1. Kindly list, by first and then second residue, each pair from a residue in the range 89-116 that is more than 9 Å from the ligand (Cβ to nearest atom) and of a type in the set (S, T, N, Q) to a residue that is open to solvent by 30 Å² or more (accessible area, probe 1.4 Å) and in a strand (DSSP E or B), limited to pairs with Cβ atoms under 8 Å and residues at least 6 apart or on different chains.
2. How do the pairs read when you match residues in the range 130-156 that are over 25 Å from GLY58 (Cα atoms) and more than 6 Å from the ligand (Cβ to nearest atom) with residues anywhere that are of a type in the set (Gly, Ala, Ser) and open to solvent by 10 Å² or more (accessible area, probe 1.4 Å), using Cβ under 7 Å and keeping only pairs 6 or more apart or on different chains?
3. Which one of the conditions (1) outside any loop (DSSP other than H, G, I, E, B); (2) within 27 Å of GLU104 (Cβ to Cβ); (3) among the aromatic types (Phe, Trp, Tyr) does TRP213 fail to meet, given that it meets all the rest?
4. Just to check your reading of the model, which residue among ARG82, ARG117, ARG124 is farther than 25 Å from GLY58 by Cα and of a type in the set (D, E, K, R)?
5. Among the residues that make up the range 49-69, is at least one of them more than 22 Å from ARG82 (Cα to Cα), out of contact with any Asp or Glu (no Cβ under 9 Å at 6 or more places or on another chain) and outside any loop (DSSP other than H, G, I, E, B)?
6. Taking VAL79 as meeting all but one of (1) surrounded by 17 or more Cβ atoms within 10 Å (Cβ to Cβ); (2) touching a helix residue (DSSP H, G or I) at 6+ places or on another chain (Cβ under 6 Å); (3) under 23 Å from ASP50 (Cβ atoms), write down the number of the exception.
7. Might you let me know whether the range 183-196 holds any residue that is open to solvent by 100 Å² or more (accessible area, probe 1.4 Å), touching a helix residue (DSSP H, G or I) at 6+ places or on another chain (Cβ under 7 Å) and in contact (Cβ under 8 Å) with a residue 12 or more places away in the chain?
8. Which condition does ALA162 not pass, out of (1) away from the ligand (no atom under 16 Å from the Cβ); (2) within 16 Å of the chain's Cα centre (by Cα); (3) open to solvent by 30 Å² or more (accessible area, probe 1.4 Å), if it passes all the others?
Amino acid sequence: MDVEVFTLFPQWFDWYRGQRHVTNALGLGHTLECVDPRATTTLSGGAVDDTPFGGGAGMVLRVDVVEAALRARYEADPVELRARRRVIALTPAGRLLDDALAEELAAEPALTLLCGRYEGFDERIVEHFASDQVSIGRYVLAGGELPAMVLCDAVIRKLPGALGHAESAQEESFSAALEGAPEYPHYTRPAEWRGWGVPEVLLSGHHERVRAWRREQSRARAAAERPEREA
Ligand code: ADE
């Protein structure tokens with residue numbers, strides 16, 4: 001998978017790119033690159049944003065600046081680009097990122113992530129250049145960079161070989177393997193600490209019983225959460 005992040009703060013991603021599962025994915029041939037719209041802006045002083053029409057606080061990322069950056073990178077009209085590639089604008093009001101969306105995006109050959117800053121994007125960017133709008137939660141962050149990293153993380157860990165063990169991303173919280181339920185509890189050594197034990201079944205060595213217990217725990221957690229989610 002090729003991931004390109006359009007951001008005014010490309011250096012923020014240097015740290016993220018160094019994380020083990022990301023270096024694993026890059027070693028397998030996947031790519032994660034940043035594109036800085038400041039590099040292609042034709043506005044004086046390297047400007048990329050402007051004050052909102054109608055007044056109000058903050059600055060808005062300009063549509064002409066984002067178009068120039070997308071054209072320079074893909075040599076295509078961004079309006080056509082989104083028909084052949086997922087172009088995702090990170091916005092607080094977008095589709096909420098969940099495991100099903102991460103799974104869907106992990107199956108794509110390429111993703112383009114657009115990070116807004118300050119007050120966000122000129123709406124025409126979202127309307128005409130993006131194929132998707134994705135939110136990581138109903139709260140507002142200072143920009144799309146952290147949401148882009150969250151999205152990358154949720155997607156990249158699903159790529160085969162990115163995690164140490166092939167199974168580790170399969171049977172985890174909210175996955176299809178657990179019927180969308182939260183994951184079962186985990187325990188490790190010591191088997192007893194301050195009088196707190198570990199469920200006996202996990203020490204039994206009976207794989208079938210362990211599997212059944214885990215499934216049951218996962219379902220119980222889903223049932224306990226349901227009234228909360230529906231509230
Ligand atoms: N940009 C600012 N806040 C955001 C959020 N919660 N999700 C996605 N993008 C954002």
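The values are calculated or read from the model by the stated rules, or taken from the named source; none is laboratory data. Note that the coordinates shown come from a computational prediction; the quantities given were computed from them, not determined experimentally. Quick reminder, even Gly has a Cβ in these numbers, built from the backbone with ideal geometry, and neighbours come from all protein chains shown. The area values use the complete protein model at the heavy-atom level, side chains included, leaving out ligands, DNA and RNA. Shrake-Rupley method; radii C 1.70, N 1.55, O 1.52, S 1.80 Å.
1. Final answer for the pair search is THR112/ARG86.
2. These pairs meet every condition: VAL155/ALA106.
3. Every condition holds for TRP213 apart from (2).
4. After applying the criteria, what remains is ARG82.
5. No; the residues of the range 49-69 include none that is more than 22 Å from ARG82 (Cα to Cα), out of contact with any Asp or Glu (no Cβ under 9 Å at 6 or more places or on another chain) and outside any loop (DSSP other than H, G, I, E, B).
6. (1)
7. Yes, the range 183-196 contains at least one residue that is open to solvent by 100 Å² or more (accessible area, probe 1.4 Å), touching a helix residue (DSSP H, G or I) at 6+ places or on another chain (Cβ under 7 Å) and in contact (Cβ under 8 Å) with a residue 12 or more places away in the chain.
8. The number of the failed condition is (3).
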